[in-house]
Amino acid sequence: MNPGTRKLYVSMLAALLAISFVIAGCAAQHQPVEEQPAAEQPAPEVTEEAGLYTPIYKPNGKETAVFKTSKGDITVKLLGTDAPIHVGNFIELVRKGFYDDTKFHRYIESFVVQGGDPDTKDATTEFVAEEGAKPDGQGAFGTGGPGYFIKGEFDLEKNPNKHVEGALGMARSQNPDSAGSQFYFTLAPVPSLDGGYTVFGVVTSGMNVVNKLRAGDVIEKIVLSGMTE
């Protein structure tokens, strides 16, 4: 191979390698949303000193919740028999009015719509909508909570409920015991979340409303029924 041909060959090889690196980089940046940790609630790590909160309310398995939103009502059967800690915690927060006037802050088509961040109360609907519409679904909200954490209940042997369409699940960070107040509704079956995130309810009426929800929509109030006083 003469010097001129060798130089041309080396130049072509370098160009091909450069193109391959660009393609690989693009592929890494555009992974399907479903492959990312979903409905995640970034939060400080739970330490042994901080401990985990155990709700005082003990579910009887008959509780239901009606989410009164700016798009309409959603009725949910709470799964207190399978996820007593999550349901007990949720009921206590509802009774305190914790969720009143909060806004859904995250929406990903055919995946989840997420709410329960108290920091959205004082934000305008327009700002929350703008933040929640960012391509990665992670805007300015997603770190607020009640000031404590609860233990995860996603062991499928103890809690066999899966992420079917209309499942009500609890958001958390990388730590399995870092859920607090943020929740999400699944907009389609999401089996990749099974065994990793706690399902503590399922929509029994108003799935058409769930499908209309977007970031910025308001939870005006949540009404409970079937509770043990």
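Placing unit charges on C-beta atoms (Lys and Arg positive, Asp and Glu negative, everything else neutral), compute the dipole magnitude of the range 96-198 about its Cα centre in debye, rounded to 20. Don't skip to the end; give the middle numbers.
Working: 9 positive and 16 negative charges, 47 e Å.
Once rounded to the nearest 20, the dipole reads 220 debye.
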> What is the set of long-range amide H partners of Thr81 at a cut-off below 5 Å, with H atoms built 1.01 Å from backbone N?
Replying inline: Gly61
>> Per residue of the range 213-229, what does 6.51 cos²θ - 1.76 cosθ + 1.60 with θ = phi - 60° give for ³J(HN,Hα)? Whole Hz please, x for Gly and Pro, Karplus curve as stated.
In response: 5, 9, 4, x, 5, 9, 8, 6, 5, 10, 10, 9, 8, x, 8, 8, 5
>> Accessible area per residue for the range 136-214 in Å², computed with a 1.4 Å probe and the full protein assembly in place, what is it?
In response: 39 Å²
> Going down the table (Lys77/Lys134; Lys71/Lys151; Lys62/Lys134; Lys134/Lys212), which pairs top 29 Å between alpha carbons?
Replying inline: Lys77/Lys134; Lys71/Lys151; Lys62/Lys134
>> For Arg172, Arg214, Arg95, Arg106, give me the order by solvent-accessible area with a 1.4 Å probe, most accessible first, ignoring ligands, DNA and RNA.
In response: Arg95, Arg214, Arg172, Arg106
>> Using a 1.4 Å probe on the protein heavy atoms only, what accessible surface does Ser178 show? Give it in Å² to the nearest 10.
In response: 0 Å²
> For the range 145-202, which whole-number percentage of the solvent-accessible area (1.4 Å probe, protein heavy atoms only) is attributable to carbon and sulfur atoms?
Replying inline: 54 percent
> Hey, can you rank 155-163, 111-119 by average C-beta count inside 10 Å, highest first?
Replying inline: 111-119, 155-163
>> For the range 61-76 and the range 92-123, what is the centre-to-centre distance using only Cα atoms, to the nearest Å?
In response: 13 Å
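The values are calculated or read from the model by the stated rules, or taken from the named source; none is laboratory data. Treat the numbers as computed from the prediction; the structure is a model and nothing was measured. Here Cβ is always computed from backbone atoms with ideal geometry, including for glycine, and neighbour counts include all displayed protein chains. Note: accessible area is taken over every heavy atom of the protein model, side chains too, but ligands, DNA and RNA are not part of it. Shrake-Rupley method; radii C 1.70, N 1.55, O 1.52, S 1.80 Å.
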